[in-house]
Amino acid sequence: MKKQVIVWLKNGMIAKMNAVACSANSHQVSLPSTEVELPVLIEITHEGLTTILDLSGFPDCVVLQFGKDRYFTGATYCRNRTDGAFMVQAQARYFLLMPLPLPYPIQETEEIMIKPLEL
Amino acid sequence: MSSLNPLILSAERCAEGYGRFPYVIVRVQPTVYLQFPIHFYHHEHPDLPGLRVRVNDSTELDACMATLFSVMQGFYAQVNGNEAVPYRMCLVLRSNLAYFWEKEGIMLSREIPEGGALMDGQYKVLSLNSSHYIRE
């Protein structure tokens, strides 16, 4: 399923996209390495404090993290250069996996808004 | 199957940066596009057509993109300053990744502009009904 995601930037601009959306109700999330096209939105629905994203073999991306209030809390770059495992553990409630390169300064990220897809 | 031709440019046009990612496309009207190459540089201001983006280290992609973002905002304002209907503008990063520039922000697209009449900033034709980038 896809959803429209709007990232608000600190300078008042927005970055809009239609993202593949999935929800995570367990503490560890694995994504298929080749079948998913970025951007991907992961909404955390479990009540635990942290979630582990298994991004081993996943296409290069930047993982934007947002808290319960949908404000930006941090980011991680995923660049899989070897066959080894690569996981990210975070307290975020929303993860947005964006293709690289990001067209705006990452520190400009402020808030995320999620809407049903406009048809 | 796509009916588009591959983009074939002269050595001179290639040296000017046309057909290489990233580049900017401005849609003048349906099927008529202008291409602006993007040149990242550190010391010497390149005497080349297109957008010139001064960065401290051209290998630092994030820093390049951050500077390019502000250059793009300025370019959008310059192109659309007095236009009632703004021109559609697109920053093309890869063969399957582009950002359409709008007044209030940017829109990610996995499809990039292609085909039509592709021209440079001086309205000289680069190619007709072809892709807008050189396939490696």
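The values are calculated or read from the model by the stated rules, or taken from the named source; none is laboratory data. In this text the structure is predicted, and so the values were computed from the model without any measurement. FYI the Cβ positions are ideal-geometry reconstructions off the backbone, even for glycines, and counts take in every protein chain you see.
Taking the numbered list (1) in contact with a Cys (Cβ under 9 Å, 6 or more places away or on another chain); (2) assigned to a loop (DSSP other than H, G, I, E, B) in turn, residue B:7 passes all entries but (1). Please determine, by comparing only the residues of region B:88-136 that are assigned to a loop (DSSP other than H, G, I, E, B) and under 18 Å from residue A:15 (Cα atoms), which one is modelled with the lowest pLDDT. In this case the residue turns out to be B:103. For region A:13-35, a residue qualifies if it is more than 13 Å from the chain's Cα centre (by Cα) and within 21 Å of residue B:109 (Cα to Cα), and the qualifying residues are A:13, A:14, A:15, A:16, A:33, A:34, A:35.
For region A:76-110, give me each residue that is of a type in the set (D, E, K, R), in a loop (DSSP other than H, G, I, E, B) and touching a residue at least 24 places away in the same chain (Cβ under 8 Å). Result: A:83, A:93.
Evaluated against (1) crowded, with 18+ Cβ neighbours inside 10 Å; (2) under 21 Å from residue A:99 (Cβ atoms); (3) not small (Gly, Ala, Ser), residue B:76 falls short on exactly one condition, (2).
Count of region B:70-99 residues, restricted to those that are facing chain A (nearest Cβ under 9 Å), within 24 Å of residue B:30 (Cβ to Cβ) and either without any contact (Cβ under 8 Å) to a residue 12 or more places away in the chain or in contact with a Cys (Cβ under 6 Å, 6 or more places away or on another chain) (or both), is 1. Among the numbered criteria (1) away from chain B (no Cβ under 14 Å); (2) in contact with a helix residue (DSSP H, G or I) (Cβ under 7 Å, 6 or more places away or on another chain), which single criterion is violated by residue A:50? The single condition residue A:50 does not satisfy is (2).
Mind checking whether some residue in region B:54-69 is out of contact with any His (no Cβ under 8 Å at 6 or more places or on another chain) and in contact (Cβ under 8 Å) with a residue 60 or more places away in the chain? There is no residue in region B:54-69 that is out of contact with any His (no Cβ under 8 Å at 6 or more places or on another chain) and in contact (Cβ under 8 Å) with a residue 60 or more places away in the chain.
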